[in-house]
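Student: This structure is in structure tokens; I'll ask about it shortly.
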Amino acid sequence: MRLHRKERARPQARCLHSSRVAGSAWAMADWADALERARRFSPFLCRALERQPDLADLLAKGEGEAALTWARNQGSDESDTGKALRRERLGLATALAVGDLAGAFPVTRVMEELSQFADDALDRAIAAAIDRRVEGAGADGFIALALGKHGAGELNYSSDIDPILLFDPERLARRERDEPGEAAQRYAREVARLLSETTPDGYVFRVDLRLRPASEVSPLAVSVNAALSHYESSALTWERAAYIRARAAAGDVAAGEDFLDAIKPFVWRRSLDFGAIQEIERLTARIRANHDGPREPGPGFNVKQGRGGIREVEFFAQTHQLIHGGRDRSLRCKGTRDALDALAAAGIIAGEDARELGDAYDGLRTIEHRLQMVHDRQTHSFPEGEALENVAHLSGFADGAALVAHCRELTETVASRFDRLIDTEKPGGGSSERTLTEEIAHLGFDDPQATAERVRAWGDGSYRALRSPAALAAFEAIRPALLESLAEAPDPERALVRWEQVLEKASSAINLFRLIEARPGLLEQMVQILTLADPLADAIGRRPELLDTLIDRSALELPGSVEELVEQLEAGVDTDDYERLLDRLRIVTGETRFALGVQLITGARDPLEVGAALARLAEAALQVATRAASREFARQHGGFADSELAVVGLGRLGGGMLTHASDLDIIYLFNGSLDGESDGKRPLGPTHYYNRLAQRVSAAMSVPTAEGALYEVDTRLRPQGVQGPLAVSIEAFERYQHEDAWTWEHMALTRARVLSGSSEVRSEIERVVGEVLCIEREPAQLRKDVLAMRDEIAKAKVPGGPLDVKLLRGGLVDIEFLAHFLQLRERTALVQDLGEALAALQAKGLVSRAVVDAHDFMTRILVVGRLLAPERSIPHPTAAQAMARLVGEETIETLLQAITEARQGVATQWAETFGETLETEQ
């Protein structure tokens, strides 16, 4: 019988260090003070304690272990795996945080508990995913490897997990008609959804599957043989480093351990590999070179990636492990402190270094946890102003300055030792070395010697895209012009970092190099993209040929109508070739979105024009995908003569204004009788038929193919939400809206627009929506419902920064609530375009001109910000200045002032409409 996760004992990788402080912790624990700080300084913990009064009582009594037991049992009576895990996660996060703040749980205990829960959650998600398809089959042949902090038993408080999912085609449980690879991908997607989807109960873990072999082109779950082949032939040094901390965590654990045994020669090399040592030296140097944030602790400092931060401790240990661990098995530890101790015991590093680095590591991890437990966000950076003071008070410091000073002591301890590690200067060196440094100095880079070292690393085999002789030759041809363009960028250092990230992510870049050589003018545009827009730079890394679209002058023209876009998307492809059509859909959509992004950041188009074009493109893609999926589905199941599937857009899609980061809010409806069966080889009843077809359409829009991903599709606004069927009849939809729908669901209908369907079905849906929106409502109850819903959103979604014009009070969400309230109360201005609706409401004297202008202004900021400031905080100075210019302001300071004034105008209207003050001091 094979060993699975639930049959294994709890990992003991960190017990040694837990015991160093655990014995005295309970005696010194101050639970009352911890609870007070949690409630005062952590909005997340305050809400969590309110939701779990029994847990709060246990913590108030100082019963930490009982609190953990209570948390682990929260899902015991819940059959829905996702709900059960979310309840357990909330309880565990609350108990561990308060125990941490009280001084009862050392950081090592917190990390162990979180890592153990991640193992259990991953294992249960795998079991649930497989059981949905093959009841009672078990996880044989499906493997989850834990890497990074998860593998080391060192997960942080609000961490994601980075598993590698593998499968054995011969042993994987699946339905008879499923191919092994198809089944494995289905399980992988379901595992990721179960754990990372945010529901009213929260989330379990964010899941990042990009550490898998050849992630740019490989499926989410990789066969064991394909993974072995990759690690034996084409893996990089960073992958060796990642596997130092790998372990079989969930699913078929025994098979996972067999796999790890098989790749030990790849990770642990008995002979000193001097080429690998050089690669390790370059990797360590790039740890610092690729981080462009503040170098010293203070606002904006990243405790993970900054100088002297968490990553430097981990890489210090892993570098020595990679070099010496092949010969000395005692060094093959997964935990960071265990590795440091083992290195000291072997005489490779000094005992004092091991002790001080280990203590600094624990201290930095504690700070990291405190940063994350404020809002349960995966952040590693010190905030500014009051937010920094808040973190300091939560952590028990007098003020932010004291916290920063404490952090500085820790980082100096780490940085001084990491400095010695990366001191790779050697005597001698040829004249070509000096020539490159002189060339770079002439171009004006701030640190010519460091920049020259980085440039040399581009061509020495560190980057997969530059390994072949042909790629190196093509690169050398453009290098002088590339360096000149990077030097002329508004922020040369940032452009340099982003270029290196493009090289890291590109599986092949020879076409990019040759394209630039043939069209040197593209360099200026590429450097502008690298400097300003991280999402567009990432797209170039995945598909360098996107730059090819800029050669054609039509790339600076707005795409045409939906009908013209549909024709373009289907051009040159046999519409009966389903796979090729889906690839074509992704290629053309990706190229068009990229071109629109370039138009946006260069100021060639008004952001509102770009947002409308993005919505037309998504609508056309949905029409093509729906038609293609319907044809493919009918091959097996036939169809119905008197019914069809319709796709209805909601939210920004329905309103015709998207950003580059928008997902697609849609619902599926169908008309016709619920009796009878389809006329195909495998007939289905109407409800089953259209729900299966709706799944196919969603997959056609969202599942990555060899040409990448397309859109994220969100169907949670359908009747009864995630608990309801994916597709419902128009009759059932109408009945639900009249009898069971909440007020917020009617608010959502104000922007409902039929995107795909015949004129007959469009008319039928439009009639239903129109009748619902024209229902006479009691104004006081409507006001109460709208304000209650807005309060819920405000509690659940905190603004991401001063540029989060969507969530800031007085921002776009408040404008939407104002408009929808007035539309439903007055039964007027019922158009999907929010800008047009607001203009109509202004014409009737229901809103001020200030609200109409605020909507247009902040929508422009939203569209631009999703490329230039995707984190909603103020970006680096070059992007900040560009963002201000693109929305009609002179500087980032005047932009922020204009946002404040726009929000105040909305607040004034809010007070007039609702008789309630809107707090805009954020």
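The values are calculated or read from the model by the stated rules, or taken from the named source; none is laboratory data. All figures in this text were calculated on a predicted structure; none of them were measured in a lab. A quick note on method: Cβ atoms are made from the backbone with ideal geometry, for glycine too, and the neighbour counts reach across all protein chains shown. All accessible areas refer to the heavy atoms of the entire protein, side chains included, with ligands and DNA or RNA removed. Shrake-Rupley method; radii C 1.70, N 1.55, O 1.52, S 1.80 Å.
Student: Less than 16 Å apart at the alpha-carbon level, and either on another chain or at least 8 residues along: which lysines does that give for residue 264?
Tutor: Answer for residue 264, where 16 Å is the Cα cut-off: 334, listed by chain and number.
Student: Right, next: Could you tell me what a quarter of the Cα convex hull surface of the stretch 779-827 works out to, in nm² with one decimal place?
Tutor: Convex hull of Cα atoms, orientation-averaged projection: 3.2 nm².
Student: What Kirkwood hydrodynamic radius, in Å, does the stretch 90-190 give when the mean of 1/r is taken over all pairs of distinct Cα atoms and then inverted?
Tutor: 15.0
Student: Now for a different question. Counting pairwise Cα distances across the chain, what percent come out greater than 49 angstrom?
Tutor: 23
Student: Take the Cα coordinates of the stretch 167-238, assign each an equal point scatterer, and use the Debye formula without solvent to give log10 I(q)/I(0) at q = 0.14 Å⁻¹.
Tutor: -0.55
Student: Over the Cα atoms of the stretch 217-270, how large are the radius of gyration and the largest Cα-Cα distance (Dmax), in Å?
Tutor: In order Rg, Dmax, the Cα atoms of the stretch 217-270 give 11.1, 32 Å.
Student: Sticking with this one: How much of the calculated P(r) for the stretch 599-720 lies past 26 Å, in percent of all Cα pairs?
Tutor: 29
Student: Cross-link partners among lysines for residue 795, C-alpha distance below 18 Å, same-chain residues fewer than 8 apart left out?
Tutor: 784, 806
Student: Determine the per residue accessible area of the chain with all protein chains present and a 1.4 angstrom probe, expressed in square angstrom.
Tutor: It amounts to 41 Å² per residue over the chain.
Student: Decide, for the stretch 292-335, between rounded, prolate and oblate: order the square roots of the alpha carbon gyration tensor eigenvalues as a ≥ b ≥ c, take rounded if a/c falls under 1.5, and otherwise choose prolate if a/b is larger than b/c, else oblate.
Tutor: prolate
Student: Please list, by residue number, every one of the GluC sites (Glu not before Pro) in the stretch 795-904 that is coil in DSSP and has at most 16 other beta-carbon atoms within 10 Å.
Tutor: Within the stretch 795-904, the qualifying GluC sites (Glu not before Pro) (loop, at most 16 other Cβ atoms within 10 Å) are 871, 890.
Student: Let me ask another. So what is the relative contact order for the stretch 706-786, in percent, with contacts set as C-alpha pairs under 8 Å and at least six apart?
Tutor: Normalised by residue count, the contact order of the stretch 706-786 is 27 percent.
Student: For the chain, take the longest principal axis of its alpha carbons; what is the angle in degrees between that and the long axis of helix 431-443, to the nearest 10 within 0 to 90?
Tutor: Rounded to the nearest ten degrees, it is 40.
Student: Still on this structure, I have one more. Over the chain, what percent of the accessible surface lies on carbon and sulfur atoms, probe 1.4 Å?
Tutor: 48
Student: Follow-up. Only bridges whose two residues both fall in the chain count here: according to DSSP, what percent of them are antiparallel, nearest 5?
Tutor: 65
Student: Computed on alpha carbon atoms, what radius of gyration and Dmax characterise the stretch 333-389, expressed in Å?
Tutor: Final numbers for Rg and Dmax: 15.3, 47 Å.
Student: Normalised radius of gyration for the stretch 296-382, please: alpha carbon Rg relative to 2.2 N^0.38 Å, two decimal places.
Tutor: 1.20
Student: So what does log10 I(q)/I(0) come out to for the stretch 447-527 at q = 0.11, 0.16, 0.27 Å⁻¹, using the Debye formula with one equal point on every Cα and no solvent?
Tutor: After summing over all Cα pairs, the log10 values are -0.25, -0.56, -1.61.
Student: Evaluate the Debye formula for the stretch 16-151 with equal point scatterers sitting on the alpha carbons, no solvent, and hand back log10 of I(q)/I(0) at q = 0.16, 0.22 Å⁻¹, in q order, two decimals.
Tutor: So the normalised log intensities work out to -0.86, -1.29.
Student: Could you tell me the relative contact order of the chain? Use alpha-carbon pairs under 8 Å, at least six residues apart, and round to a whole percent.
Tutor: Reported relative contact order: 7 percent.
Student: Here's another thing I want to ask about it. What ratio of Cα Rg to 2.2 N^0.38 Å holds for the stretch 735-879?
Tutor: Scaled against compact globular proteins, the figure is 1.16.
Student: May I pose another question? How far is helix 877-886 tilted off the main Cα axis of the chain, in degrees rounded to 10, range 0 to 90?
Tutor: 10
Student: Please give me the summed charge of the neighbours of residue 718: other residues whose Cβ is under 11 Å from its Cβ, Lys and Arg +1, Asp and Glu -1.
Tutor: So the environment of residue 718 carries a net charge of -2.
Student: Calculate how steeply helix 253-262 sits against the longest principal axis of the alpha-carbon atoms of the chain, using the helix alpha-carbon long axis, and give the answer as 0 to 90 degrees to the nearest 10.
Tutor: 50
Student: Can you give me the Kirkwood hydrodynamic radius for the stretch 703-764, using every pair of distinct Cα atoms, in Å to one decimal?
Tutor: 13.7
Student: Another question about this same structure. Can you give the helix-only mean residue ellipticity at 222 nm for the chain, where every DSSP H stretch with n ≥ 4 adds -39500 (n - 2.57) and the sum goes over all residues, rounded to the nearest 500 deg cm²/dmol?
Tutor: -19000 deg cm²/dmol
Student: Let me ask something else. If you wrap the stretch 490-545's Cα atoms in a convex hull and average its projection over all directions, what's the area in nm²?
Tutor: Hull-based average projected area comes out at 3.4 nm².
Student: Follow-up question, since we're still on this one. For the stretch 436-582, what are Rg and Dmax over the alpha carbons, in angstrom?
Tutor: Answer for the stretch 436-582, Rg first and Dmax second: 17.8, 59 Å.
Student: Could you work out Rg/(2.2 N^0.38 Å) for the stretch 467-509, with Rg from alpha carbons only?
Tutor: Working it through for the stretch 467-509, the quotient is 1.22.
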